[in-house]
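Below: one structure, written as structure tokens.
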Amino acid sequence: MLPRLATLLAGLGLTGLAQAAATHYPLTLDNCGKPQTFAQAPQRAVTIGQAGTEMLYALGLGDKLAGTSLWFNNVLPEYQAQNDKVPRLADNEPSFEAVVGKRPHLVTVQFEWMVGAQGAVGTREQFDELNIPTYLLPSDCEGKDNLVGADGTRLQAFQVESIYKSVSQLAAIFDVPDRGTALNAELKGRLDSAKAQLAGKDLSTTSALFWFSSADLHIDPYVAGRQGVADFMLRTLGVRNVVESSEEWPTVGWETLAKANPTWLIIARMDRRRYPADDYRKKLAFLRSDPVTRNMDAVKHDRIIILDADAMQAGIRLFRGLQTLSAAFASGKAAQ
Amino acid sequence: MTVMTAVRVAPLSCQRLGLQLAGNTVLSGIELSVVAGETLGIVGPNGSGKSSLLKVLAGLRRPGSGSVQLLGEPLAQLPRRRVAQALALVEQQADTLDAISVFDAVALGRTPWLSALAPFSREDRAIVEQALADLDALHLRTRLWGSLSGGERQRVHIARALAQRPQVLLLDEPTNHLDIQHQLGLLQQVQALPVTTLVALHDLNQALTCDRIAVLDKGRLVALGKPLEVLTPERLLSTFGVHAHYLIDPFDGARILRFRAP
Amino acid sequence: MMMRLFPCIAVALAALLIALLAGTAIGESNLSPGVVGQVLANHLWQAGYPVDPIDAGIIWNYRLTRTLVAAACGAGLAICGVILQALLRNPLAEPYLLGLSAGASTGAVLVGLLGLGSVALSMSGGAFIGALAAFALVLVLARAAGPGSNNAQVILAGIAGSQLFNALTALLITKSATAEQARGILFWLLGNLSGVRWPSVWLAVPVALFGLVVCLWHRRVLDAFTFGADSAASLGIPVRRTRLLLISCAALVTAVMVSIVGAIGFVGLVIPHALRLLLGPGHSRLLPASALGGALFLVAADILSRSLIPGQVIPVGVVTALLGAPVFALILVSRRGRP
């Protein structure tokens, strides 16, 4: 009863915060330190980053998409049919010309380093010169310095509010504020239900490790450090992250990780095949065959959760990921 | 090789020897047969091909035409190791940055005789010390290369060649860098060696002490024979471009050459 | 001479053994020497001590293998440095001069960026092929520069080849790599022993031993080059054949080592010089001493790379430079004034 009431009140609160009325144009909002102005709702948008893509689909804006890029996995099944009609500019980073060639009125960007000072696609100034507004998902720039460290360094821990902000702001830009509110309510609901599932469980001795991938199968892996999105998931659910580095995805040696012996291992599933370790089956095979890791508690008792790589990023899949993790932690068994 | 055949066969000979380098004719039509035990001087102006001739005779350069025989066998077909056991070449100005001791530098001369598994024996040691003694360099044996003077280095090079126990010794202008005392001493020592020796010289008076002289002019062998018969004033003018005449040394009656500018 | 040989060998082996034990005992996490001893005893003569399987795995499968490979690579790279310095008569000669590390980095980057990893080739395989490809190019260039195959030609060809492949690597990284990939590749390129397991040991150790044996067999040949190639020829060495054989052997050993651990610099250049300063230029002593020196040096560097900053591993190539430069300077200064 109480959790449901809390959810209702939170939803009302959010409704109060969000602009429930229609958007007033021209709309100017400050996005990662740069004001972006929209004269009207964009008719065509290009996305760089799956998180932004799926957020737009979830807001019912699929018909406005003129091109997508930077995918880790297949699109969520419910958007499959719609996505098939949208041109995919690149599986990874698109070229600047490919993006502007679609004459977009908006470019959404999941990672700042795509369009930052050494922009992999191009700089925000380049887009400005062509009068194309760029919208960076706040999760990747607020409280984060992307020029320090390999994936940027979080100056403060990731806040889930930045996702709600992305949703609200995108909804406002496209003049569908109600859908934004509704989506945020749904997402918050998932988060709350995930937490609720673990209410009353003693998780004081439970620890976990996120393994994203590795440059070479036996080499030190990229694991989730403190302050990042993955760590947020663990903190929200009350589970300790065995990695203490404050980098978002540091490399830590297997020796240290094995000694830390986390209760749960969470490994990333993705369709990208840049490294052999991208394939979650190869990760599993490594864990089970390596003479050190196969003795880890989590490997011996099969407490390995396979999670979409997108669920470890700041996007709408994060919340489903939370529910998956929560279900596993609650039952003590990893579902596939 | 019996002693009889060794005496009859010329230790080193070449026929119609020719060499081209970078489009230039360095040697052409050289015919030479060295007599066992002799000291053969090779003279000629700069660029006449003295060094190149020695290198070809030593097997370090392949001739463009003609052939060389070492101890009666064609040089081109002999394995390098056999060649090195019979013939040693002392080049001009071989140098190293390594801090090698004099003894070790001379001991390198034993290389052609030592296989990979053979240890450096007492006999090898004795040969090296003998070579050093022959060149009056025994007292230098523990010195390091970098501390030697030019003349000392030269003597070490020759000692190394002697340590090879060759039957033919080729020396390329060995008296360069030596002080006068060592120049004269070296030539005397070289003459006294029981080894057949070919020595390239630029000092013509020194060449007079050889058993025979070969004169090279622009890559051709223009004279071969006893020094006084070969180094005539006409020859000296045409090949070397200087006027010369012989004087008799009142001290011991030896002939010496005196030169005047043209 | 023989009298001095056996004690020397005994001391050398003892030093190596101590280094290997140290490398096995010291690492990212704290494992007591007692545990280390028990694990080794269990594996070597079935002593049957009860040990936590993770600890046992770390000691036997991670640390011991890493240390053995570090020793083998250090020895191999040092020996290759000795060969190249002797044959090319240049104090700056070192194993990577022939384009090997540049080619290896290009090969590794190609595999890493084109994502051929999911197919048969790992970064190691790519590195090996890249190294040999660069070496082949350098040989062709040296040949094309003139029939004499003198040292200057070989060195210049090596420089040209290295520059070419380094440029290719840079091009690939700037055009195609994400920050994540560039980081992964850089980590690999600076030299890194993290991915080493027993299969690498069965490759690295025999190759290092093979290199050492071939070189020892040719120790007098290498000595004969002291005064140059002509001098060596006049001492009975078939110069062209021997140079090709020994340089190819060095290239093979280097390519294998680089493909296993990345491009660890400094060892092949400085260890031979340091030991030459201490022991003189004779290769009968220089070769085994360099092998031992290289092995000890790289084991020490690996230990430091794991223990300098707690919880983090510094690339070994960085440590070898940071460690080796002052040590070498010390040796130079202490020998100053002596001829």
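Against the test of being touching a Pro at 6+ places or on another chain (Cβ under 8 Å), more than 29 Å from residue C:29 (Cβ to Cβ) and at pLDDT 85 or above, the options C:290, C:284, C:305 yield a single qualifying residue, C:290. In the set (1) of a type outside the set (Lys, Arg); (2) more than 14 Å from chain A (Cβ to nearest Cβ); (3) over 30 Å from residue C:156 (Cβ atoms), the condition left unmet by residue C:99 is number (3). The residues listed here are A:137, A:183, A:198; of these, the one that is of a type outside the set (D, E, K, R), under 18 Å from residue A:311 (Cβ atoms), within 15 Å of the chain's Cα centre (by Cα) and not assigned by TED's automatic domain parsing to the domain that holds residue A:270 is A:137. Meeting the requirement of 3 or more residues that are under 15 Å from the mean Cα position of the chain (by Cα), the strands (runs of 3 or more DSSP E) wholly within region B:183-233 are B:196-200, B:212-217.
Testing residue A:180 on (1) free of Cβ contacts under 8 Å to residues at least 40 places away in the same chain; (2) farther than 15 Å from residue A:65 by Cα, one condition comes back false. Which one is that? The number of the failed condition is (1).
Selection of region A:25-54 for residues being farther than 12 Å from residue A:75 by Cβ, among the hydrophobic types (A, V, I, L, M, F, W, C) and touching a residue at least 60 places away in the same chain (Cβ under 8 Å) yields A:27, A:29, A:32, A:38, A:41, A:45, A:46, A:48. Within region B:195-207, can one find any residue that is in contact with a Lys or Arg (Cβ under 7 Å, 6 or more places away or on another chain) and more than 14 Å from every other protein chain (Cβ to nearest Cβ)? Yes, the conditions are met somewhere in region B:195-207.
For residue B:160, state whether it is among the charged types (D, E, K, R), surrounded by 15 or more Cβ atoms within 10 Å (Cβ to Cβ), within 13 Å of another protein chain (Cβ to nearest Cβ) and over 25 Å from residue C:276 (Cβ atoms). Here the answer is no, as residue B:160 does not meet what is asked.
In region C:226-253, what residues are charged (D, E, K, R) and either more than 9 Å from chain B (Cβ to nearest Cβ) or out of contact with any helix residue (DSSP H, G or I) (no Cβ under 8 Å at 6 or more places or on another chain) (or both)?
Those that are charged (D, E, K, R) and either more than 9 Å from chain B (Cβ to nearest Cβ) or out of contact with any helix residue (DSSP H, G or I) (no Cβ under 8 Å at 6 or more places or on another chain) (or both): C:240, C:241, C:243.
Counting residues in region C:20-31 that are among the aliphatic types (A, V, I, L, M), within 12 Å of chain A (Cβ to nearest Cβ) and assigned to a helix (DSSP H, G or I) gives zero. All conditions but one from (1) touching a residue at least 24 places away in the same chain (Cβ under 8 Å); (2) within 14 Å of chain C (Cβ to nearest Cβ); (3) under 17 Å from residue A:217 (Cα atoms) apply to residue A:297; the one that does not is (3). Cβ-Cβ distance below 6 Å, separation of 6 or more or different chains: which pairs start in region C:14-42 with a residue that is over 21 Å from residue C:309 (Cα atoms) and end on one that is part of a loop (DSSP other than H, G, I, E, B)? Going by the 6 Å Cβ cut-off, the qualifying pairs are C:38/C:49; C:38/C:51; C:39/C:51; C:41/C:47; C:42/C:49. Could you tell me whether any residue of region C:66-81 is of a type in the set (A, V, I, L, M), surrounded by fewer than 24 Cβ atoms within 10 Å (Cβ to Cβ) and either in a helix (DSSP H, G or I) or under 22 Å from the mean Cα position of the chain (by Cα) (or both)? Yes, region C:66-81 contains at least one residue that is of a type in the set (A, V, I, L, M), surrounded by fewer than 24 Cβ atoms within 10 Å (Cβ to Cβ) and either in a helix (DSSP H, G or I) or under 22 Å from the mean Cα position of the chain (by Cα) (or both).
Okay, residues lined up against (1) part of a helix (DSSP H, G or I); (2) of a type in the set (Ser, Thr, Tyr); (3) closer than 18 Å to residue A:218 by Cα:
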position: C:59; (1), (2), (3): yes, no, yes
position: C:103; (1), (2), (3): yes, no, no
position: C:124; (1), (2), (3): yes, yes, yes
position: C:137; (1), (2), (3): yes, no, no
position: C:141; (1), (2), (3): yes, no, no
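Only one entry in A:284, A:322, A:265 is at pLDDT 90 or above, crowded, with 21+ Cβ neighbours inside 10 Å and touching a strand residue (DSSP E or B) at 6+ places or on another chain (Cβ under 9 Å), namely A:265. Of all residues in region C:306-316, those that are more than 12 Å from residue C:67 (Cβ to Cβ), within 11 Å of chain A (Cβ to nearest Cβ) and in a helix (DSSP H, G or I) total 0. Where strands (runs of 3 or more DSSP E) fall entirely within region A:173-289, those with at least 1 residues that are away from every other protein chain (no Cβ under 13 Å) are at A:207-214, A:264-269.
Among helices (runs of 4 or more DSSP H) entirely within region B:55-171, having at least 1 residues that are under 20 Å from residue C:223 (Cα atoms) and modelled with pLDDT under 90 singles out B:150-163. Going residue by residue through region B:101-111, is there one that turns out to be surrounded by fewer than 23 Cβ atoms within 10 Å (Cβ to Cβ), more than 21 Å from residue C:241 (Cβ to Cβ) and touching a residue at least 40 places away in the same chain (Cβ under 8 Å)? Yes - at least one qualifying residue is present in region B:101-111.
Within 13 Å of chain C (Cβ to nearest Cβ) and free of Cβ contacts under 8 Å to residues at least 40 places away in the same chain: is that true of residue B:75 in this structure? It would help to see each step written out before you state the result.
On the way: within 13 Å of chain C (Cβ to nearest Cβ): yes; free of Cβ contacts under 8 Å to residues at least 40 places away in the same chain: yes.
Answer is yes for this residue.
Within region B:175-192, the set of residues being over 21 Å from residue B:51 (Cβ atoms) and of a type in the set (A, V, I, L, M) comprises B:180, B:184, B:192. Per the conditions (1) within 11 Å of another protein chain (Cβ to nearest Cβ); (2) closer than 18 Å to residue C:9 by Cα, the sole criterion not satisfied by residue C:295 is (1). Here residue A:313 meets each of (1) away from chain C (no Cβ under 14 Å); (2) farther than 30 Å from residue C:126 by Cα with one exception, condition (1). Every condition in (1) within 20 Å of the chain's Cα centre (by Cα); (2) farther than 18 Å from residue C:235 by Cβ; (3) assigned to a strand (DSSP E or B) is met by residue B:25 except one, and the failing one is (1).
The values are calculated or read from the model by the stated rules, or taken from the named source; none is laboratory data. All figures in this text were calculated on a predicted structure; none of them were measured in a lab. Using ideal geometry, Cβ is built from the backbone for each residue, glycine included, and neighbour counts are taken over all protein chains shown.
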